[in-house]
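Novice: Submitted below is the structure of interest, expressed as structure tokens.
The values are calculated or read from the model by the stated rules, or taken from the named source; none is laboratory data. Note that the structure is predicted; figures quoted are calculated from it, not measured. Quick reminder, even Gly has a Cβ in these numbers, built from the backbone with ideal geometry, and neighbours come from all protein chains shown.
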Amino acid sequence: MLVVGIESSAHTFGVGVARNGKILANEKSMYRIGTTGMIPAKVAQFHSENAGEVIERALAVARIEFEDIEGIGYTMGPGIGHCLQVGALSAKTIAKMLHIPIVPVNHAVGHVEIVRHISRLKDPLALYVSGGNSQILKKAPGAYPHYKVLGETFDIGIGNMLDSFAREMKLDPAWGSSVEKKAVGGRYMRMPYTVKGMDFSFTGLLTHSIKQIGKENGRDICFSLQETAFSMLCEATERALLLTNSSELEVCGGVAQNSRLREMLASIAKEHCARFGFVEKQYDADNGAMIAVVAEKMLKDGMAVKIGDCGILQRYRIDKARLAGA
Amino acid sequence: MRKIAEGAEADVFKAKLFGKAVIVKTRKRKKYRIRELDESIRKERTRIEARVLERAYSAGILVPKLLGVGSFSIYMGFVGGRLLKDTKLGSGMYEKLGRILGRMHDVDIVHGDFTPANIMIDAGSAYVIDFGLSEISKSREEKALDILLMKRAIGKGHYASFVKGYESSNKESVGIMRRLASIELRGRYQVRTLA
């Protein structure tokens with residue numbers, strides 16, 4: 001089945017094309033956040049202006065015609081309402097024009113599944129780290145197969161924390177990868193460290209780091225902030241790995257692009273003889289391919305939804321999303 | 001010394017001291033984190049764990065008896081039996097567990113990782129082990145988190161018995177359970193209702 005997936009939950013408008021699990025295209029256009037971050041209405045406008053072009057580019061890369069599309073999926077949530085609407089509308093329009101089945105996809109499921117799919121993992125423990133989310137997940141089989149949240153952030157996602165700090169530091173672009181670059185060669189200073197079992201929280205660490213700006217060397221703050229936050233995630237993940245007795249570990253989501261975090265998790269996986277799954281960066285950042293891959297599985301499992309019922313859900317929790325093919 | 005358990009944080013060994021079986025718990029160096037952070041976490045947790053163990057023991061809660069403390073190691077009396085996570089128990093036992101946690105909270109001990117992996121069942125008695133993430137705190141928030149962890153780890157029926165036991169043994173339980181309800185609405189993207 002040839003399926004197109006559309007992702008537009010935040011700064012990225014992404015279009016992926018997949019056929020029988022093989023990714024044929026993964027094109028995107030990304031709103032430049034500069035030093036101000038995302039302004040919902042502006043991002044949505046950016047997406048509407050670029051949607052057509054990205055779709056055409058994806059079809060060209062996949063070497064298929066518009067009429068070849070046999071099914072479509074889009075991100076239903078979680079995400080920014082304005083932005084989600086653009087992707088949902090694009091998908092519904094294509095479904096209507098071509099009379100093909102359509103399915104709404106949970107954004108977080110997309111992130112976890114694309115890494116599982118590409119790394120060929122069976123039943124991994126997943127650390128999902130992005131702007132809005134930081135969760136430790138494991139598939140729960142049964143009558144309603146879904147990802148169970150074993151642990152998560154009690155306040156903000158780690159990406160959001162790094163981005164907020166980057167804005168305060170006036171880094172450009174103001175997001176995590178700029179903090180990563182700046183952290184190189186820094187020295188460690190003590191910062192608040194909050195882990196509760198398999199849950200964690202980041203606001204205390206954020207406030208503390210912001211207060212150090214101007215007092216301490218910027219490189220040292222970035223370094224300590226990263227080390228502390230990632231150590232928290234790793235401690236919770238290691239605990240979950242042992243509790244669930246998992247033989248596979250994956251990291252996914254935008255912050256999974258960070259090489260220091262990958263290095264730390266790889267070390268944990270190695271210590272517990274677990275296979276470590278990670279993917280190239282284009283599949284960690286928000287992308288359409290992950291939606292296409294999940295949508296294809298869902299459509300094949302008869303989970304298509306009537307166009308009239310295809311809405312968005314800004315707070316669509318991953319544990320509320322039913323998975324295809326248990 | 002023989003290694004008998006390997007936790008996420010520490011290795012647990014069984015050894016003999018003056019002819020008696022003792023447990024040595026050593027916090028392992030974690031290669032994933034930098035040395036300064038690693039050592040400060042391990043030292044601090046070892047120190048707090050020892051203090052909490054002593055307090056729990058004096059309060060009459062079944063815990064391993066504290067024998068000695070080093071920088072990264074704690075020496076304790078041996079506790080036999082099986083972990084709760086590897087055991088099938090009736091509701092009565094979960095009610096008892098609820099009472100134990102209720103009593104711990106009454107003397108302001110917050111466990112920090114109160115899951116079936118940290119309860120030892122020996123001849124019908126439940127021993128609480130691994131106070132590695134514990135604190136002495138009056139905070140209802142922290143106490144509610146102990147209950148939340150157990151809730152997530154056990155089934156609905158057992159949880160009901162657990163809460164029954166907890167409420168019967170803790171003076172502050174109404175406030176703590178209310179706090180728990182508010183925490184559960186706090187995760188990302190939860191559907192929130194106004195209380």
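Novice: Of the residues A:H47, A:H82, only one is within 19 Å of A:L313 (Cα to Cα), crowded, with 17+ Cβ neighbours inside 10 Å and touching a Gly at 6+ places or on another chain (Cβ under 8 Å); which?
Specialist: On the way: A:H82 fails: touching a Gly at 6+ places or on another chain (Cβ under 8 Å).
Only one candidate qualifies: A:H47.
Novice: Oh, and also: When you go through A:L225, A:L249, A:L265 one by one, which is the residue that is under 23 Å from A:L171 (Cβ atoms) and of a type outside the set (S, T, Y)?
Specialist: A:L225
Novice: Inside the range B:13-36, can you point out the residues that are within 14 Å of chain A (Cβ to nearest Cβ) and surrounded by fewer than 19 Cβ atoms within 10 Å (Cβ to Cβ)?
Specialist: Step one: list which residues in the range B:13-36 are within 14 Å of chain A (Cβ to nearest Cβ), which gives B:27-36.
Residues satisfying the conditions are B:K28, B:R29, B:K31, B:I34, B:R35, B:E36.
Table: residues versus (1) of a type in the set (A, V, I, L, M, F, W, C); (2) under 20 Å from B:A15 (Cα atoms); (3) away from chain A (no Cβ under 14 Å).
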{"position": "B:V52", "(1), (2), (3)": "yes, no, yes"}
{"position": "B:Y75", "(1), (2), (3)": "no, yes, yes"}
{"position": "B:L89", "(1), (2), (3)": "yes, no, yes"}
{"position": "B:K96", "(1), (2), (3)": "no, no, yes"}
{"position": "B:E135", "(1), (2), (3)": "no, no, no"}
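Novice: May I ask you to verify whether A:L121 is within 14 Å of chain B (Cβ to nearest Cβ) and in contact with a strand residue (DSSP E or B) (Cβ under 8 Å, 6 or more places away or on another chain)?
Specialist: Here the answer is no, as A:L121 does not meet what is asked.
Novice: Looking only at the range B:87-103, decide whether some residue is free of Cβ contacts under 8 Å to residues at least 24 places away in the same chain and small (G, A, S).
Specialist: If we filter the range B:87-103 for residues that are free of Cβ contacts under 8 Å to residues at least 24 places away in the same chain, which is where we start, we get B:88, B:90.
Applying the additional criterion that residues be small (G, A, S) yields B:90.
Yes, the range B:87-103 has at least one match.
Novice: Name the residues in the range A:156-172 that are buried (at least 18 other Cβ atoms within 10 Å of the Cβ) and either part of a loop (DSSP other than H, G, I, E, B) or within 14 Å of chain B (Cβ to nearest Cβ) (or both), would you?
Specialist: Applying the first criterion (buried (at least 18 other Cβ atoms within 10 Å of the Cβ)) to the range A:156-172 yields A:156-167, A:169, A:171.
Result: A:I156, A:G157, A:I158, A:G159, A:N160, A:M161, A:M169, A:L171.
Novice: Working carefully through the options A:R315, A:R239, A:R260, find the one that is within 14 Å of chain B (Cβ to nearest Cβ) and crowded, with 22+ Cβ neighbours inside 10 Å.
Specialist: A:R239
Novice: Among the residues of the range B:123-163, write down those that are of a type in the set (G, A, S), in a helix (DSSP H, G or I) and either under 23 Å from B:G60 (Cβ atoms) or outside the structural domain of B:L89 (by TED's automatic domain parsing) (or both).
Specialist: B:S161
Results for (1) closer than 20 Å to B:E167 by Cβ; (2) of a type in the set (G, A, S); (3) within 11 Å of the chain's Cα centre (by Cα); (4) in a strand (DSSP E or B), shown as yes or no for each residue.
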residue: B:Y94; (1), (2), (3), (4): yes, no, no, no
residue: B:R99; (1), (2), (3), (4): yes, no, no, no
residue: B:G102; (1), (2), (3), (4): yes, yes, no, no
residue: B:G112; (1), (2), (3), (4): no, yes, yes, no
residue: B:M120; (1), (2), (3), (4): no, no, yes, yes
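Novice: Pairs only if they're at least six apart or on different chains, beta carbon under 9 angstrom, first in the range B:140-152 and more than 12 Å from chain A (Cβ to nearest Cβ), second among the acidic types (D, E); list them, first residue then second.
Specialist: What qualifies is B:R140/B:E172.
Novice: Based on what the data block shows, is B:T26 in contact (Cβ under 8 Å) with a residue 12 or more places away in the chain and touching an Asp or Glu at 6+ places or on another chain (Cβ under 6 Å)? Steps first, answer last, please.
Specialist: Values: in contact (Cβ under 8 Å) with a residue 12 or more places away in the chain: yes; touching an Asp or Glu at 6+ places or on another chain (Cβ under 6 Å): yes.
For B:T26, the condition - in contact (Cβ under 8 Å) with a residue 12 or more places away in the chain and touching an Asp or Glu at 6+ places or on another chain (Cβ under 6 Å) - is met.
Novice: Continuing with the same structure: In the list A:T207, A:T203, A:T194, which residue meets the criterion of being surrounded by fewer than 20 Cβ atoms within 10 Å (Cβ to Cβ), within 14 Å of chain B (Cβ to nearest Cβ) and either within 18 Å of the chain's Cα centre (by Cα) or modelled with pLDDT of 95 or more (or both)?
Specialist: Working: A:T207 fails: within 14 Å of chain B (Cβ to nearest Cβ); A:T194 fails: either within 18 Å of the chain's Cα centre (by Cα) or modelled with pLDDT of 95 or more (or both).
Among A:T207, A:T203, A:T194, only A:T203 is surrounded by fewer than 20 Cβ atoms within 10 Å (Cβ to Cβ), within 14 Å of chain B (Cβ to nearest Cβ) and either within 18 Å of the chain's Cα centre (by Cα) or modelled with pLDDT of 95 or more (or both).
Novice: Moving on to the next point. From the list A:C252, A:C234, which residue is buried (at least 19 other Cβ atoms within 10 Å of the Cβ), within 14 Å of chain B (Cβ to nearest Cβ) and within 21 Å of the chain's Cα centre (by Cα)?
Specialist: From the options A:C252, A:C234, the qualifying one is A:C234.
Novice: Identify, from the list A:A295, A:A266, A:A289, the residue that is without any contact (Cβ under 8 Å) to a residue 60 or more places away in the chain and hydrophobic (A, V, I, L, M, F, W, C). Steps first, please.
Specialist: Values: A:A295 fails: without any contact (Cβ under 8 Å) to a residue 60 or more places away in the chain; A:A289 fails: without any contact (Cβ under 8 Å) to a residue 60 or more places away in the chain.
The unique qualifying residue is A:A266.
Novice: Test A:K306 against the criterion of being more than 14 Å from the chain's Cα centre (by Cα) and either buried (at least 16 other Cβ atoms within 10 Å of the Cβ) or aliphatic (A, V, I, L, M) (or both), and give yes or no.
Specialist: So A:K306 does not fit the description; no.
Novice: Would you call A:T228 within 12 Å of chain B (Cβ to nearest Cβ) and either among the β-branched types (V, I, T) or in a strand (DSSP E or B) (or both)?
Specialist: It is true that A:T228 is within 12 Å of chain B (Cβ to nearest Cβ) and either among the β-branched types (V, I, T) or in a strand (DSSP E or B) (or both).
Novice: Here is a further query. Looking only at residues that are without any contact (Cβ under 8 Å) to a residue 40 or more places away in the chain and not in a loop (DSSP other than H, G, I, E, B) in the range B:1-12, which one is nearest to the other protein chains (Cβ to nearest Cβ)?
Specialist: B:E6
Novice: Can you tell me which residues in the range A:129-142 are out of contact with any Leu (no Cβ under 6 Å at 6 or more places or on another chain), in a strand (DSSP E or B) and crowded, with 24+ Cβ neighbours inside 10 Å?
Specialist: Residues of the range A:129-142 that are out of contact with any Leu (no Cβ under 6 Å at 6 or more places or on another chain), as a first pass: A:129-135, A:137, A:139-142.
Now restrict to residues that are in a strand (DSSP E or B): A:129, A:134-135, A:137, A:139-140.
Once the filter is applied, which keeps residues that are out of contact with any Leu (no Cβ under 6 Å at 6 or more places or on another chain), in a strand (DSSP E or B) and crowded, with 24+ Cβ neighbours inside 10 Å, the range A:129-142 yields A:V129, A:S134, A:Q135, A:L137.
Novice: Further question: Looking only at the range B:83-103, decide whether some residue is surrounded by fewer than 20 Cβ atoms within 10 Å (Cβ to Cβ) and on the phi > 0 side of the Ramachandran plot.
Specialist: The answer is no, given that none of the residues of the range B:83-103 is surrounded by fewer than 20 Cβ atoms within 10 Å (Cβ to Cβ) and on the phi > 0 side of the Ramachandran plot.
Novice: Report yes if some residue within the range B:118-126 is free of Cβ contacts under 8 Å to residues at least 40 places away in the same chain, buried (at least 16 other Cβ atoms within 10 Å of the Cβ) and among the small types (G, A, S); otherwise report no.
Specialist: The answer is no; no qualifying residue exists.
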